[in-house]
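Computed from the coordinates by the stated procedures, all read-outs in this text should not be read as laboratory data. Every value quoted in this text rests on a predicted model; they were computed, and no experiment measured them. Don't worry about glycine lacking a Cβ; one is built from the backbone with ideal geometry, like all the others, and counts go over all protein chains shown.
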Amino acid sequence: MKVIIFFMLSMLLLPSVYADAYCSLRDPVSQIKQLYPQKTNQLSIVKAVDNHTRKQVQLALPRNDLHFSELGKHTLYVAMKNTKALGYVHVRSEQSKWGLVEIVWAIDKNLRIQNFACQRCRSPKKSVIGSGLFKSAFIGKNFQELKTLLNEDGLTANIALVDTANNAPELTSVVLRSALKTLLITDLLWGKELKTLNH
Amino acid sequence: MKISNYNQLLAVSTLVSGMIIFATLWSQNQKVESISREHFESRLLAQTVNHISTMSQAWLTTQDLLFSGKQTYLVNGINIQSKQLTQTLIAIKTTDKSNNKLIQQLLAIIKSNKTIIDSFAQLTRIDDKVWQSTITKSDSLTAKYVMTLETLLQQVSVDNSALENKLIDANSFLAILTWVIISLYLIFISFIVTWFSKYIVKPIENITEAAQQSSDLEQNVEFMQEDAPAEVIALSSAIESFTQRITVEKHKADQERRNVITKNKQIKAIMNTIPCSLLLLNDHGVIQECNPEACRLFSKTKEEIISQNIAIFLPVLSMLDGQFDTKMLLRNMEESLLAPSFENPYIEFSGREIAINGSINYLLTITDINERKHSQKALSSLNQQLVNAEKLASIGQLSAGIAHEINNPVGFIHSNLDVLADYITPLTDYIKLVKIADQQEQAKAFYQKNDLDYILDDINPLIESSLEGTIRISKIIKDLGNYAHVDSKTPELISIDSLIEQSLTLVANELKYKVKIVKSLNANVSVMAFPQKLLQVFINMLVNASHAIENTGRISIYSGIVKDEINIRFEDDGSGISQEHLKNIFDPFFTTKPVGKGTGLGLHIVRSIIDEHDGHIEASSIVGQGSKFEIFLPIHSAAELNLPEVITIADDNLISK
């Protein structure tokens, strides 16, 4: 009952929420459609990233502090096939030397990377993100598994992952950090709602 | 070739090799410097491009903030960043066309992007579609910008890496080249050193080794070096000849050393056995060296004698002011006395000046003459006894004549006394008669009867004759007494002429029957002499002359002054003396008389007495014509005889007596 009420409220609040908790520069709807072609509808769960979340991220991913602009309201999209949740979509903007890189992350219900797509990136090597080899290094991995791909500095991807990126180490590291933050924040911020939703 | 030529060759080769080394290394170093400059500029370009990349990050992030937050007030900041990027890109100086092309592309993109960004500032109401399309345009441009920038960055990085590798290669090459050159130089030096060692040092070492051998071995050593520089060959030749000369000189020196050692041993033996003391004195009279005889003489050890002043032992060598009397030292065979502390003080010394190592020293010989002195005393005593014996013998010979000479006056004195005794009786009787007054006539008759006038006239001649006889006897006895009397030990002032007269008195009986005496006594001078001894001389002369005259003859006696000497000459016309015997007549125990007639000591004693008076005697003779003896006595006073003053006074007393 509570879940239904929650969903209802979410749906009702969607337009305004949509406008305020825009996590990316672009509208991710088209990307969600590509990631979940079978989806019939979607849910948007808006929650605020506060200092508490920020501290938890600092503990889990040292040296990957959330920027001030990352604080505030954010939206997690739930791809639905009718009433059944297919998965979640989280769009994150990660700072890079080419400015912000926006990646749309498709997350399964077990909080593993299901797929991802680059929505906005100025890097000349952004095509790496779409390559199958590179994607396969991420898909199916949860937070802990992806964390093993991080070097001890907590910022850069290890050589095994870089080898899949066709000599694009920095872009690989940006994508990895984005994936880790996405899974962590999804769990921290929306974990409770998602458990409710899945039940 | 000479060492100097080798040195010139070495200097030139060293100079040339040094120049080659320097030129090569300098050239390579210039290359390295050039590459280093290029690399520096490339690194600077890379840093600039990296800086542009960093600026671009901020620039792009600021645009993203504008796009995401729609905060249009960021436009001005983005434009400022664009301007800075533009200025930085324009400031890049590169000759690479490709890089310049990329830079121009970047500048064009920034310019185009500025138009887009400026369009945001013109938006009055945010239209999402326009916004999104504008972002898309911007993203397209900035993506191209990022790609171009990365291309530029990569290109610059590649260029920089290439230059860095080139610099590393150049440095490596320079290092290798340096090592190769150093190695070649070391090899060259090693070769030169080896060559020098073989052709210059080795021959010198051979010479040195040979020279060291030569110091130990007597055998001939080969110094000659054939395979060596000219100087070394000349040096070896010179050393060879020099060594040969040294060897010869060494043999000479060895021989001389052995001679010196032998001489030293001889000198040492002489020094140790020489029967006189030898002392070496310095110019202050300090004893430097002495022989064992000196130790014996001074009854001291050598250590006690060395460094002592000679005056301690021989006071005569010290002047009144204590200075060393070198004049006295340099006398020859000077008799003297040691210090009073010595029991046997009689010595005789001689000194010589001797230069040792340029300094004046004195060699003093001292002969112990104590034994000789004692012998001399004994001999003198014996001689005196001999003289006395001879004198007594002559007295014996003369005694008969003297007795005869005494008997004559005694005879006529006795005769006179007999006559006078005969005269005394009538005279006393007459005196008695005269004393009686009434018998005057009787007295007168008695006077006439006894011829008292004759008696009275005869008495005086008788008495005078008797007195004369007693005077003659007295003179003979006195002369005999003087003759027989032993001389005092000191000379007396005597008249030679009167002494001759005395001798004539004593030998008068010997001469008067066969000899005519011719006297010419003109000396008329008194001398200091021993009268009895000279009297013995004159008697001997007269007796010998008398004996030389067999029957009758003449003896001439002369005295006079000849050149500060008294000349006394006895000349006879007797049988003479052969030349063979004439040279031996003064020898002791030489006589031509029959055994028992002469002692053979007469003339020997004569000469010893004359010698004692510092005089001399000469004899000449012609067989059959006679002999001549001339005596020369010096005329000297008491002072000249160095007699003590008291003795002179005593003589004066004697004279006064």
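What the table below lists for this structure:
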| quantity | calculated |
| --- | --- |
| Set of lysines near B:Lys2 by C-alpha distance (under 30 Å), chain-local residues within fewer than 8 positions excluded | B:Lys198, B:Lys202 |
| Amide proton proximity set for B:Lys519, modelled H, under 5 Å, gap of 5+ | B:Ile557 |
| Normalised convex hull volume, region B:3-202, alpha-carbon set, Å³ per residue | 115 Å³ |
| Ordering of B:564-576, B:399-411, B:321-333 by packing [mean C-beta count within 10 Å, highest first] | B:564-576, B:399-411, B:321-333 |
| Region A:2-198: mean projected area of Cα convex hull, nm² | 10.3 nm² |
| Overall dimensions of region B:78-138 as given by Cα atoms, namely Rg and Dmax in Å | 14.6, 47 |
| Region B:347-432 pair-distance distribution - Cα-Cα, 5 Å bins, rounded % | 4, 10, 8, 7, 7, 7, 7, 6, 6, 6, 5, 5, 4, 4, 4, 3, 3, 2, 2, 1, 1, 0, 0 |
| Separation between Cα centres of region A:131-199 and region B:180-207, rounded to whole Å | 74 Å |
| Region B:275-383: C-alpha pair distances exceeding 26 Å, % | 17 percent |
| Globularity index of region B:255-330, i.e. its alpha-carbon radius of gyration over 2.2 N^0.38 Å | 1.28 |
| Charge tally in the Cβ shell below 14 Å around A:Ile159, where Lys, Arg are +1 and Asp, Glu are -1, A:Ile159 excluded | -4 |
| Two-decimal log10 I(q)/I(0) for region B:439-568, as the Debye equation yields it once each C-alpha is a single scatterer, q = 0.18 Å⁻¹ | -1.05 |
| Helix runs (DSSP H) in chain A reaching 15 Å along axis by Cα, Kyte-Doolittle at least 0.5 | A:2-20 |
| Net charge, B:Glu371 excluded, C-beta distance under 12 Å - Lys, Arg +1, Asp, Glu -1 | +1 |
| Contact order normalised by residue count of region B:382-486, Cα under 8 Å, 6+ apart, percent | 46 percent |
| Two-decimal Rg to Rh for chain B - Kirkwood Rh, Cα set | 1.74 |
| Cβ-Cβ FRET estimate between B:His581 and B:Ser380, R0 fixed at 25 Å, reported to 0.05 | 0.30 |
| Cross-link pairs beyond the 29 Å C-alpha cut-off, checked among A:Lys97/B:Lys137; A:Lys135/B:Lys114; A:Lys81/A:Lys125; A:Lys55/A:Lys109; A:Lys109/B:Lys129; B:Lys263/B:Lys327 | A:Lys135/B:Lys114; A:Lys81/A:Lys125; A:Lys109/B:Lys129; B:Lys263/B:Lys327 |
| Pairwise FRET efficiency - B:Phe196 versus B:Arg257, Cβ, R0 = 56 Å, nearest 0.05 | 0.85 |
| q = 0.17, 0.18, 0.26, 0.27 Å⁻¹, region B:221-272: log10 I(q)/I(0) [Debye, one scatterer per Cα] | -0.61, -0.64, -0.88, -0.90 |
| Peptide-level mean, for A:87-95, of C-beta atoms on other protein chains within 10 Å | 1 |
| Long-range amide H partners of A:Val101 with built H, under 5 Å | A:Glu94, A:Gln95, A:Ser96 |
| Distance between modelled label sites at B:Asp418 and B:Thr88, nm, 7 Å Cα→Cβ extension | 19.7 nm |
| Contour excess over end-to-end distance, with Cα ends at B:Thr552 and B:Leu493 and 0.36 nm allotted per residue | 17.7 nm |
| Region B:3-202: relative contact order in percent, alpha carbon pairs under 8 Å with at least 6 residues between | 34 percent |
| For the protein assembly as shown, size of Cβ-based charge dipole, Lys and Arg +1, Asp and Glu -1, in debye | 12600 debye |
| Mean ellipticity per residue at 222 nm, deg cm²/dmol - from DSSP H runs of n ≥ 4 across chain B, formula -39500 (n - 2.57) | -22500 deg cm²/dmol |
| Per-residue average of Cβ from other chains inside 10 Å of B:66-74 | 2 |
| Where labels lie 7 Å past Cα in the beta-carbon direction, separation of B:Ala400 and B:Thr592 in nm | 2.3 nm |
| Sequence of B:Ile609, B:Ile395, B:Ile90 once ranked by neighbouring C-beta atoms within 10 Å, starting from the fewest | B:Ile90, B:Ile395, B:Ile609 |
| Hull volume in cubic angstrom per residue (convex hull over the Cα atoms of the protein assembly as shown) | 470 Å³ |
| Proximal charge balance of B:Lys263 [Cβ under 13 Å; K/R count +1, D/E count -1] | +3 |
| Neighbour-count ranking [beta-carbon atoms within 10 angstrom, fewest first] of A:Cys118, B:Cys295 | B:Cys295, A:Cys118 |
| For region B:381-429, diffusion coefficient by Stokes-Einstein and Kirkwood Rh (Cα), 20 °C, 1.002 mPa s, µm²/s | 156 µm²/s |
| For B:143-152, mean number of other protein chain Cβ atoms within 10 Å | 4 |
| Shape category assigned to region A:94-199 from the gyration tensor of Cα positions, a/c cut at 1.5 | prolate |
| Average Cα contact separation per residue, region A:30-173, under 8 Å, 6 or more apart, as relative contact order % | 17 percent |
| Shape category assigned to region B:382-486 from the gyration tensor of Cα positions, a/c cut at 1.5 | prolate |
| Sorted by Cβ neighbour density within 10 Å, fewest at the top, the residues B:Glu343, B:Glu492 | B:Glu343, B:Glu492 |
| Backbone HN-Hα couplings from phi across region B:306-312 [Karplus 6.51/-1.76/1.60, Hz, Gly and Pro as x] | 4, 6, 8, 7, 4, 5, 4 |
